[in-house]
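**Student:** Mind looking over this structure? Questions follow.
The values are calculated or read from the model by the stated rules, or taken from the named source; none is laboratory data. Bear in mind the structure is a predicted one, so any value in this text is a computation, not a measurement. When we count neighbours, we look across all protein chains shown, and the Cβ atoms used for this are built from the backbone with ideal geometry, even at glycine.
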Amino acid sequence: MKQITTPNAPAAIGPYSQGFIAGGLLYTSGQIALDPATGEVVGSTIAEQTEQVMKNLGALLEAAGTSYEKTVKTTCFLADMNDFAAFNEIYGKYFTGRPARSCVAVKTLPKNVLCEVELIAEV
């Protein structure tokens, strides 16, 4: 098992890691729309926040030596399911391989962001 860390994705804001490689797979912690340099939330719309989440996930994928195309599963959390279509529009630009996915609405996300995404990718 190997821990993955990168300054190009937000540092953990709790007692967890950015990600781990185990058994040939990368498992990331959920990423929210935080700027890695400042720790501040980026954007106020679902589109803006989803773009930042995808950038953060991309940094973790790169740090692990893999890519969006090798992602096998994502779990997506939305603060409002009415944002589903706008979220999908951005999400689809990055996950062109169409990995398996779960997407659920939750009551509240950390820092009151609009979305969070975690993934599992082949390394």
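**Student:** Go through (1) part of a helix (DSSP H, G or I); (2) touching a residue at least 40 places away in the same chain (Cβ under 8 Å); (3) under 17 Å from Glu116 (Cα atoms); (4) not polar (S, T, N, Q) one by one and return the number of the condition Lys73 breaks.
**Tutor:** Lys73 satisfies every listed condition except (1).
**Student:** Let me confirm something: among Ala85, Ala59, Ala33, Ala47, which residue is of a type outside the set (Val, Ile, Thr) and loosely packed, with under 13 Cβ neighbours inside 10 Å?
**Tutor:** Values: Ala59 fails: loosely packed, with under 13 Cβ neighbours inside 10 Å; Ala33 fails: loosely packed, with under 13 Cβ neighbours inside 10 Å; Ala47 fails: loosely packed, with under 13 Cβ neighbours inside 10 Å.
Only one candidate qualifies: Ala85.
**Student:** Give me the residue from segment 71-82 that is under 22 Å from Ala22 (Cα atoms) and surrounded by 18 or more Cβ atoms within 10 Å (Cβ to Cβ) and, out of that set, farthest from the chain's Cα centre (by Cα).
**Tutor:** To start, the set of residues in segment 71-82 that are under 22 Å from Ala22 (Cα atoms) comprises 71-76.
Those left that are additionally surrounded by 18 or more Cβ atoms within 10 Å (Cβ to Cβ): 71, 74, 76.
Details: Thr71: 11, Thr74: 8, Cys76: 8 Å.
Among residues in segment 71-82 that are under 22 Å from Ala22 (Cα atoms) and surrounded by 18 or more Cβ atoms within 10 Å (Cβ to Cβ), the one farthest from the chain's Cα centre (by Cα) is Thr71.
**Student:** Residue pairs, Cβ under 8 Å, 6 or more apart or interchain, first in segment 32-49 and farther than 20 Å from Asp83 by Cβ and in contact (Cβ under 8 Å) with a residue 24 or more places away in the chain, second of a type in the set (Val, Ile, Thr) and part of a loop (DSSP other than H, G, I, E, B). List them.
**Tutor:** Asp35/Val42; Gly39/Ile13
**Student:** Condition first: in contact with a helix residue (DSSP H, G or I) (Cβ under 6 Å, 6 or more places away or on another chain) and over 19 Å from Thr74 (Cα atoms). Now tell me which residues in segment 6-35 satisfy that.
**Tutor:** Correct list: Thr6, Asn8.
**Student:** So which of Gly58, Gly65, Gly97 is under 11 Å from the mean Cα position of the chain (by Cα) and touching a residue at least 24 places away in the same chain (Cβ under 8 Å)? Please lay out each step first, then the result.
**Tutor:** On the way: Gly65 fails: under 11 Å from the mean Cα position of the chain (by Cα); Gly97 fails: under 11 Å from the mean Cα position of the chain (by Cα).
Answer to the selection: Gly58.
**Student:** Hey, does segment 31-54 have a residue that's of a type in the set (D, E, K, R) and over 14 Å from the mean Cα position of the chain (by Cα)? Walk me through how you get there before you give the answer.
**Tutor:** Of all residues in segment 31-54, those of a type in the set (D, E, K, R) come to 35, 40, 48, 51.
Going one step further and asking which of them are over 14 Å from the mean Cα position of the chain (by Cα), we end up with 40.
Looking through segment 31-54, at least one residue is of a type in the set (D, E, K, R) and over 14 Å from the mean Cα position of the chain (by Cα).
**Student:** Just to be sure, is Pro110 more than 17 Å from Ile4 (Cβ to Cβ), surrounded by fewer than 20 Cβ atoms within 10 Å (Cβ to Cβ) and not basic (Lys, Arg)?
**Tutor:** On the way: more than 17 Å from Ile4 (Cβ to Cβ): yes; surrounded by fewer than 20 Cβ atoms within 10 Å (Cβ to Cβ): yes; not basic (Lys, Arg): yes.
Yes, satisfied.
**Student:** Can you name the number of the only condition in (1) part of a loop (DSSP other than H, G, I, E, B); (2) touching an Asp or Glu at 6+ places or on another chain (Cβ under 7 Å) that Gly65 fails?
**Tutor:** Tallying (1) part of a loop (DSSP other than H, G, I, E, B); (2) touching an Asp or Glu at 6+ places or on another chain (Cβ under 7 Å), Gly65 fails exactly one: (2).
**Student:** Something else: Is there any pair with a first residue in segment 7-19 that is assigned to a loop (DSSP other than H, G, I, E, B) and hydroxyl-bearing (Ser, Thr, Tyr) and a second that is at pLDDT 95 or above and loosely packed, with under 12 Cβ neighbours inside 10 Å whose Cβ atoms are under 8 Å apart and which are 6 or more apart or on different chains, and what are they?
**Tutor:** Correct list of pairs: Ser17/Gln3.
**Student:** Can you work out which of the residues in segment 1-15 that are modelled with pLDDT of 95 or more and surrounded by fewer than 12 Cβ atoms within 10 Å (Cβ to Cβ) is nearest to the chain's Cα centre (by Cα)?
**Tutor:** In this case the residue turns out to be Pro7.
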